[in-house]
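**Q** Take this structure, written in structure tokens, and hold onto it; I'll ask about it next.
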Amino acid sequence: MKPAPLKIVADENIPALETLFAPLGELHTRPGRAICRDDLLDADILLVRSITPVNRALLEGTSVRFVGTATIGTDHIDLTALAELGIGFSSAPGCNADAVVEYVLSVLLHLAEEQAFDLWGRSVGIVGVGNVGSRLAARLQALGIRTLLCDPPRQRVMPAAQAAHFCSLEQLLNEADIVSLHTPLTRSGEDATWHLLQGKTLAMLQPDTILINAGRGPVIDNRALLELALQRDDLTLVLDVWEDEPAVDPALAARVRIATPHIAGYSLEGKLRGTWMLYQAWCAFCGTPVQQSFAQLLPLAEVTEMQLTEKAGLLSPVRMLYDPFRDDRALRASLAAPQQQQKAAFDQLRKQYPVRREFSALTLRLPTDQQPIFNALGFPVADAKK
Ligand SMILES: NC(=O)C1=CN([C@@H]2O[C@H](COP(=O)(O)OP(=O)(O)OC[C@H]3O[C@@H](n4cnc5c(N)ncnc54)[C@H](O)[C@@H]3O)[C@@H](O)[C@H]2O)C=CC1
Ligand SMILES: O=C(O)C(=O)[C@H](O)COP(=O)(O)O
């Protein structure tokens, strides 16, 4: 008897499923929030994004053998239940880390222009120095911008010489002009990040601080943040993630300078890399050869080169690739809809997100003396065409 084809159940918003997973068996796509146990009774593989809670109730009694999440974050996955049920698992570590870094860099350059401050005179405190945080630090340091790093779990396991470059959360909040959060969301243990910033820690923010959260919403107590924002109009808040997603508190959004719908990681490269990593993980899990290539997934960018004159500032190529105010306007427009439609609108903005390319997709042609700084920002550079 012919073996039954593999059954793959996947979130419909995972790109490149047709290319990478359809050849492996029967592909069934579903809205991520609707995936339920009945869908999985005879499934082999479950592929999700961050909006599907994956736990014992979803999986027990099904035939799922492998779960993949096309995301960096794993706070929606009960890893203990998966291990106890003997189900293989993979996330996609680092898949969209560069996209998040570029979101933060773009936000900072846009705010520096809007508020007329010198970014080189400010220090950036990075909380969580993993894939995202370390890459952000590397680009800022290459640009010559001062960073403060806080990552107690990493610091504890480092040689003393390296650990000395790290500081406590309190020191960071006391000294940084800009605070950017890049921890996972964890709810237990000595490094738990749930409400890492709450009344007491939020009160440590220095005057005129820019606070960015492109990690997970509940890392900041959003009610405490609103209370603080109502008292302190010196703070500039940038939120990509919200405590009760897909709901956004309109009162908080009104106090936030840049409000975006959890899209910091949504570069085309980042999304495709996520699916690609799951495909590779599945092949490794079942010992089959990798038969596709990542290169085939990634289309050439619409614009691959840009000529810059001597006078061009850092913002011009950055803005061309990613303008965070575009996403801010779209989210605010969705908040004008009747309340019962707002959550669906948040999901819709993410589902229909326009193509956004990473800095690596755009080669800048510019005078030799300008090349190092643009290169430090993350762009490939080449000599200007005569
Ligand atoms: N807004 C978005 O679109 C995206 C958000 N994310 C979020 O960003 C998070 C971080 O991503 P990665 O850097 O790739 O993860 P990672 O796992 O590489 O790094 C996280 C770092 O945070 C540190 N950490 C843990 N607890 C901490 C604490 N209490 N204080 C300070 N540091 C702590 C860890 O030691 C680790 O070094 C993800 O877990 C995900 O939730 C990731 C991608 C896109
Ligand atoms: O990778 C992560 O972690 C993220 O936060 C993703 O960018 C979130 O994307 P979705 O899975 O929610 O589409």
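Bear in mind these aren't lab numbers, they're just calculated from the coordinates by the rules spelled out. Everything quoted here is computed from the prediction, not taken from an experiment. For neighbour counting, all protein chains shown are included, and Cβ atoms are generated from backbone atoms with ideal geometry for every residue, glycine included.
**Q** Which residues does the label zone of residue 284 cover in the stretch 5-21, counting backbone N under 19 Å from a point 7 Å along Cα→Cβ?
**A** 20-21
**Q** Let me ask something additional. Can you give the calculated 222 nm mean residue ellipticity of the chain, where each DSSP H run of n ≥ 4 adds -39,500 (n - 2.57) and the sum is split over every residue, rounded to the nearest 500 deg cm²/dmol?
**A** The helix-only estimate for the chain comes to -10500 deg cm²/dmol at 222 nm.
**Q** In whole angstrom, note down how far apart the Cα centers of the stretch 323-354 and the stretch 175-201 are.
**A** First find each Cα centre; the distance between them is then 26 Å.
**Q** Still on this structure: Does the stretch 305-382 come out rounded, prolate or oblate, given a ≥ b ≥ c as the square roots of the eigenvalues of its C-alpha gyration tensor, rounded meaning a/c under 1.5 and, failing that, prolate meaning a/b above b/c?
**A** Prolate, because a/c is 1.5 or more and a/b exceeds b/c.
**Q** Give the order of 221, 240, 151, 234 when sorted by the count of other beta carbons within 10 angstrom, beginning with the fewest.
**A** The order, fewest Cβ neighbours first, is 234, 221, 151, 240.
**Q** Put a dot 7 Å past each Cα toward the Cβ at residue 146 and residue 340; how far apart are the dots in nm?
**A** So the label points at residue 340 and residue 146 sit 5.4 nm apart.
**Q** Could you please state, rounded to a whole Å, how far the C-alpha centre of the stretch 64-110 is from the C-alpha centre of the stretch 1-55?
**A** Cα centroid of the stretch 64-110 versus Cα centroid of the stretch 1-55: 17 Å apart.
**Q** Mind jotting down a quarter of the surface of the convex hull over the alpha carbons of the stretch 197-315, in square nanometres, one decimal?
**A** 12.2
**Q** Please find the FRET efficiency linking residue 85 to residue 171, where r is the Cβ-Cβ separation and R0 is fixed at 51 Å, and quote it to the nearest 0.05.
**A** 0.75
**Q** Same structure again: From the phi of every residue in the stretch 148-154, what ³J(HN,Hα) in whole Hz does the Karplus formula 6.51 cos²θ - 1.76 cosθ + 1.60 yield, where θ is phi - 60° and glycine or proline is x?
**A** 10, 10, 10, 7, x, x, 6
**Q** Using only alpha-carbon positions, what ratio does the radius of gyration of the stretch 109-182 give when scaled by 2.2 N^0.38 Å?
**A** Output field value: 1.12.
**Q** Then there's this: State the extension gain, in nm to one decimal, for the chain segment bounded by residue 60 and residue 386, taking 0.36 nm per residue of separation less the distance between their alpha-carbons.
**A** That pair, residue 60 and residue 386, stretches by 110.8 nm at full extension.
**Q** Compute the long axis of helix 268-286 from its Cα atoms, compare it with the longest principal axis of the Cα atoms of the chain, and write down the angle in degrees, 0 to 90, nearest 10.
**A** The angle comes out near 40 degrees.
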